Amino acid sequence: MTAATDDNDTLTYRAATPEDGAALWRLVRDAGTLELNSAYFYLIFATDFGETCLIAERDGVTVGAVVGYRPPRDPDAAFVWQVGVAPQMRGKGMGKKLLREWLKLPGVRDARWMTATITADNVPSQKLFKAVARDLGVDCTDHPHFTENLFPEPHEAERLYRIGPFAQP
C-alpha cells in the first residue's frame, strides 16, 4: 500500500515483519512522546502480531507505525497500543493517516471497533482518536478502564476509548 503525504513524498504502508522490531523500538525512542518498552517487546509484536502492526516507510526508513493487536476477550475490537510518528513527519496529519491505513491491514480490517487506553493528560491522543471517529463517521466513547491502583508504581488512570462500530467488510 502506498499513499502520498501532504508534501508529495511517497509513503509505503505495510504489516510489520520480525525485521521491523528494532526500527519500531528506535521510532518510539526517537519520538520522545511515547512510553518506551524493551526492544524485545517490539520484536515480539513485530513477529507475533505483525498482521496488526503497521509500518510506514519513506525511502526505506520507518517514519511512522501503529503497534496493535486483537484482544482475545474482545475479538470484534482492534486495540491500538502505540502510534509513533518520526519527529520530521509531525504536523502533517500523520497520526490520522496511520490509523486509517492500520484499519486496512489483514489482521485488523474485519474489526468492528478500534480501542485504546489514554490518560487524562494525553490531550493530543484524545484529539486524535476523536478526529479519526469524526472522519470515519462513527462514535467515540470513553470510560474508566485501568485505575491508578492497578499499577505497581505511580501511574495515571487510563480510560478506554472505543471508536465504531465500523461496517463489516
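Figures for the structure shown
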item	result
Residues being open to solvent by 30 Å² or more (accessible area, probe 1.4 Å) and either of a type in the set (Gly, Ala, Ser) or not in a strand (DSSP E or B) (or both) - total across region 114-124	5
Out of Phe45, Phe41, Phe49, sole residue that is surrounded by 19 or more Cβ atoms within 10 Å (Cβ to Cβ), modelled with pLDDT of 95 or more, more than 20 Å from Phe166 (Cα to Cα) and not aliphatic (A, V, I, L, M)	Phe45
Listing of strands (runs of 3 or more DSSP E) fully contained in region 1-96 that carry 3 or more residues being within 18 Å of Trp113 (Cα to Cα) and in contact (Cβ under 8 Å) with a residue 12 or more places away in the chain	61-69, 77-85
Criterion: of a type in the set (Ser, Thr, Tyr) and in contact with an Asp or Glu (Cβ under 6 Å, 6 or more places away or on another chain) - qualifying residue of Thr141, Thr119, Thr147	Thr119
Within region 55-68, considering residues that are more than 22 Å from Asn122 (Cα to Cα) and either in contact with a strand residue (DSSP E or B) (Cβ under 8 Å, 6 or more places away or on another chain) or basic (Lys, Arg) (or both), the one surrounded by the fewest Cβ atoms within 10 Å (Cβ to Cβ)	Arg58
Of all residues in region 86-103 being basic (Lys, Arg) and either at pLDDT 95 or above or over 18 Å from Lys127 (Cβ atoms) (or both), the one that is most open to solvent (accessible area, probe 1.4 Å)	Arg100
Sole residue being in a helix (DSSP H, G or I) and surrounded by 15 or more Cβ atoms within 10 Å (Cβ to Cβ), chosen from Ala133, Ala111	Ala133
Verdict on Leu99 being in a loop (DSSP other than H, G, I, E, B) and either within 16 Å of the chain's Cα centre (by Cα) or over 24 Å from Arg159 (Cβ atoms) (or both)	no
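The values are calculated or read from the model by the stated rules, or taken from the named source; none is laboratory data. For clarity, every value in this text was computed on a predicted model and none was experimentally measured. Virtual Cβ from ideal backbone geometry, glycine too; neighbours counted across all protein chains shown. The protein model used for the area step is the full one, side chains on, heavy atoms only, and it has no ligands, DNA or RNA in it. Shrake-Rupley method; radii C 1.70, N 1.55, O 1.52, S 1.80 Å.
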